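The values are calculated or read from the model by the stated rules, or taken from the named source; none is laboratory data. These figures come from a predicted structure and were not determined experimentally. With ideal geometry, Cβ positions are generated from the backbone for all residues, glycine too; neighbour counts draw on all protein chains shown. Note: areas computed on protein heavy atoms with side chains; ligands, DNA, RNA excluded. Shrake-Rupley method; radii C 1.70, N 1.55, O 1.52, S 1.80 Å.
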Amino acid sequence: MGDNKPILSDKHEKQPIIIVNKNRHLNIAEFWIDQQKSPDTIIMNAKEIEQFNNDTAYEKKTLTYFQDIPTEYDGAWIKMTIELMFNGLKNRAKYFEDGQKIPNDFYNKIKEEMYLDVLYGNPKPTRYALTVNYTNQKIIPSTLALLKEEKQIHFDRNQNSALDIGTPLAILHGTSDGLWYYGIGPTSSGWVESKDIAFGERDEIANYLHTEEFIITTSAKNPLMIKGHYHDYTRMGIRLPYVMNIDDMTMVLIPSRNNEGKLILSNATIKTDNTHKGYLPYTPRTILTQAFKFLNAPYGWGGMYGEQDCSKFLQ
């Protein structure tokens with residue numbers, strides 16, 4: 001573009017037409033794969049990826065393995081962690097989605113609902129859960145979009161992340177009305193709605209996460225069907241326990257919840273073409289093939305709108 005001005009603008013004046021490229025082949029993964037001298041060369045093998053993930057978990061401390069979650073947490077630490085997130089958002093987010101300024105009463109009420117005074121005293125036992133559908137993870141327990149600037153509706157500062165179905169959580173606290181829970185996930189922590197998680201035993205969840213046979217979802221969005229009806233979708237790279245193949249569909253296990261919020265494992269089907277048995281090889285061909293599946297897909301801040309934000313580690 002030359003002048004470094006953004007393509008999108010809030011200005012009402014006409015914007016220039018931008019020609020992204022004149023070569024129609026640039027949007028095709030195979031075009032770029034063909035430029036590689038050795039597209040099937042292994043960049044990192046399974047042991048090297050495991051070491052990479054371990055460095056991410058234990059050196060950089062930006063990944064939490066489910067098996068490393070403590071059986072209890074200090075109540076004062078939980079309270080401090082929640083308050084830090086709360087205060088950070090309160091100081092940053094000043095507007096509702098409709099442009100109205102956020103009053104102090106709003107944040108005061110949220111803090112009351114977080115029920116933090118009960119966290120003083122003895123260590124708090126960890127509860128374990130799996131997400132039962134795609135769910136948003138929030139900084140504070142509210143579904144409202146909270147904005148730093150007016151009209152920045154696509155940047156909800158309360159949106160911490162988004163969790164696909166089957167994400168493990170260490171649940172540490174809940175709101176006074178029981179509608180929200182605060183938990184630690186693999187790469188982030190925050191509040192999720194109680195209707196979106198199911199509680200289970202630690203070993204039960206560990207067994208679900210580490211089944212010997214599994215598939216990885218390989219499309220940008222992968223519809224899950226239950227008894228022939230649409231249930232939800234997963235994004236790319238989600239690991240699900242494999243059951244069997246039925247014609248052009250693959251049966252997998254997904255978590256669901258009973259009326260008491262307890263974990264139940266259910267059968268679901270997914271198009272076999274949208275899956276890979278086991279992990280994909282880490283090669284230039286895989287990188288380019290998978291990356292181009294996101295071509296023209298919108299960006300979602302923290303996973304907003306069910307879209308993709310960023311990924312933090314290899315599997």
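Please give the per residue accessible area of the chain, computed with a probe of 1.4 Å over protein heavy atoms only, in Å².
Per-residue accessible area for the chain comes out at 59 Å².
Can you tell me the convex hull volume per residue for the stretch 186-291, based on C-alpha atoms, in Å³ to the nearest whole number?
Convex hull volume per residue, Cα atoms: 128 Å³.
Which lysines, if any, have their Cα less than 18 Å from the Cα of residue 277, not counting same-chain residues under 8 positions apart?
221
Rule-of-thumb check for the stretch 118-161: C-alpha Rg over 2.2 N^0.38 Å?
1.63
Could you work out [θ]222 nm for the chain from helices alone, using -39500 (n - 2.57) per DSSP H run of at least four and dividing by all its residues? Round to the nearest 500 deg cm²/dmol.
-6000 deg cm²/dmol
Can you give the accessible area of residue 85, probe radius 1.4 Å, in Å² rounded to 10?
Counting only protein heavy atoms, the figure is 40 Å².
I need the shape label for the stretch 139-241. Rule: rounded when a/c is under 1.5, else prolate if a/b > b/c, else oblate, with a, b, c from the alpha carbon gyration tensor.
Because a/c hits 1.5 or more and a/b fails to exceed b/c, the stretch 139-241 counts as oblate.
For the chain, which whole percent of the accessible surface, found with a 1.4 angstrom probe, sits on carbon and sulfur atoms?
The value for the chain is 52 percent carbon and sulfur by accessible area.
For the stretch 13-118, which trypsin sites (Lys or Arg not before Pro) are in a loop by DSSP, counting at most 13 other Cβ atoms within 10 Å?
For trypsin sites (Lys or Arg not before Pro) across the stretch 13-118 that sit outside H, G, I, E and B with at most 13 neighbouring Cβ atoms in 10 Å, the list reads 14, 22, 37, 60, 61.
Let me check something: with ligands and nucleic acids excluded, how do 80, 304 order by accessible area (1.4 Å probe), largest to smallest?
Largest accessible area first, the residues go 80, 304.
Taking Rh as the Kirkwood radius, which is the inverse of the mean 1/r over Cα pairs, what is the Rg/Rh value for the chain?
Expressed as Rg/Rh, it is 0.99.
How big is the charge dipole of the chain about its Cα centre, in debye rounded to the nearest 20, if each Lys and Arg gets +1 on its Cβ and each Asp and Glu gets -1 on its Cβ?
With only Lys, Arg, Asp and Glu charged at Cβ, the dipole is about 740 debye.
With N residues in the stretch 58-103, what two-decimal value do you get for its Cα radius of gyration over 2.2 N^0.38 Å?
Output field value: 1.72.
Enumerate the amide H contacts of residue 245 below 5 Å, restricted to partners 5 or more residues apart or on another chain; note that Pro and chain-start residues carry no placed amide H.
So residue 245 has HN proximity to 251.
What does the convex hull of the Cα atoms come to per residue for the stretch 123-192, in Å³?
Hull volume over Cα atoms, normalised by residue count, gives 102 Å³.
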